[in-house]
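Peer 1: Sharing a structure below in structure tokens format, with a few things to ask.
No lab work stands behind these numbers, since they all come straight from the coordinates. All figures in this text were calculated on a predicted structure; none of them were measured in a lab. Neighbour counts are summed over all protein chains in view; Cβ atoms, including those assigned to glycine, are modelled from backbone coordinates with ideal geometry.
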Amino acid sequence: MEYWTSVANQHSEYWLSPANPVLPPTPASAESIAEAYWTSLQASLRGVVRAEGDMLGPIRLRVARTGVTVLGFAAAIIEEVDGGIEIAFPIISGAACSAAAGELRLIARVDGDRVQLGVVVDGYRPRFERLRITSFPIAAPYTLTQHLVHGWVTKRSLQKIARVIDPVPVAPPPLDTAGRLSGLRIGVVGASGYIGRRLVPELRDQGGQVRAIVRRPNPDLELVADIEVVQADALDRESLDRAFADLDVVYWLVHSMGAGGDFAELDRVAARNAAGAAAQAGVQQIIYMSGLGDDDPELSHHLQSRHETGRILAEGSVPVTTLRAAMVVGQHSASFQMMRDLVHRLPAMVTPRWVTTRSQPIAFADLRDYLVGVCALPEAYGRTLDVGGPDILTFQEMMERVAVLAGRRKPFILPVPVLSPELSSLWCGFVTDVDTNIARPLVEGLRNETICLNDDILRLVPKERISFDDAVRRALQGVPLRY
């Protein structure tokens, strides 16, 4: 946030620049902008001072307990300017000023490739102005305090205005599968996880007969109409045999990172069970979620395990479609949660040098569409498909952009070569809400470049991809579950 003031002339400016250009605000949006400002002002002052009146004026700022009017504003004057609007509220009265003078302006406009939001207070004359030089010892501290308080309140108000004129991007329309999933019997193993919970209703809406396969009951799935919920354990072959009976397609979305210990061995056992149970049940296709990264000795233990799981599944007789993704940008994605918590809680951080590694994150909505798009698609059988968004960024660049989109300053990031994965994961587990057992393999994976090596998915499932910035904005605002 930028702040400029002149005590002598009683002129103050507070500016905030949201990260993404938007359509220029119009007079039709003036009331929404004014409402965002005044309601945020009241919330910040916690009811001590109330803003009373219509959103576009007249407005009175009154001390709640005494009823004294601190400042009175006339009805707003709305002016169209290049790229947006200015909403001016003339100051006409109040116990805090010596005469009716000055104005408060709310400014929202697009200036080149930037969006500018501003609150400008101009020409306001306090009551002590007539004391001239003798009043300076009193006037200076009073004015400084006034500006500090107004600056803190105004920053919150500008962030609220930013949400009014810079709304959450609308997701692309549902993928058109031309009725290919209609009547298909589909099992989702890991349906209670972040991806599974959102994939189940989408498959149902596409016409599939969905069976959610979970290890333990999940209250979210109880809300999803017209699906079957079955309990099974990936480490128990007999339970998978029962769960896979009569299925055409199986989604394999489970992993054992959260279990700690030798999660790779647990995933091997689970993958062998899945391949055997799918073959016995006559399943036509297994769709498996893996991670991006080259197959080389330097690959992190986590990514090596994900690739090995895919190979074990493919050793069975059922065709496997493997989708490999880097960080999924979504509200409850563990890797995104970790990044969001870091930039919210740390203005500066010492990080492993791997923070400069490049990656190709993907919006959850795009990943969901790709998972649906390859279902019962013969051209995708037996193939490994890399999926990613349109942006390739370093993890440092991602953290900086998440901070700006969340209305915060870019964190100061110092990469150093001495932080081990163990120390980094313990630190992330302490600072963020992500479990240490999950944080460690995620942090370890930062050392590997995770970029799509093939773009076959763009031809098999053609769609417009969501940018990293738009994906972050949707994730920060939260998109409700579709039941």
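Peer 1: Using 7 Å Cα-to-Cβ label points, what is the GLN280/ASP294 separation (nm, one decimal)?
Peer 2: Modelled inter-label distance: 4.1 nm.
Peer 1: Find how many whole Å separate the alpha carbon centroid of the range 446-473 from the alpha carbon centroid of the range 324-362.
Peer 2: Comparing the Cα centres of the range 324-362 and the range 446-473, I get a distance of 16 Å.
Peer 1: Still on this model: Could you put THR309, THR69, THR384 in order, starting from the residue whose Cβ has the fewest other Cβ atoms within 10 Å?
Peer 2: Least to most surrounded, the residues fall as THR69, THR384, THR309.
Peer 1: Follow-up. Calculate the spin-label point distance for SER17 paired with ARG242, positioning each point 7 Å from the Cα along the beta-carbon direction, and give it in nanometres.
Peer 2: Between ARG242 and SER17, the label points sit 6.2 nm apart.
Peer 1: Additional query: Multiplying the sequence separation of VAL48 and SER93 by 0.36 nm and subtracting their Cα-Cα distance, what value in nm do you get?
Peer 2: Working: separation 45, 0.36 × 45 = 16.20 nm, distance 1.93 nm.
Contour length minus the Cα-Cα distance gives 14.3 nm.
Peer 1: Given the peptides 327-337, 361-371, arrange them by the average over their residues of other C-beta atoms within 10 Å, most packed first. Present the calculation step by step, with values, prior to reporting the outcome.
Peer 2: Working: 327-337: 22.5, 361-371: 25.0.
Ranked from most to least packed, the peptides come out as 361-371, 327-337.
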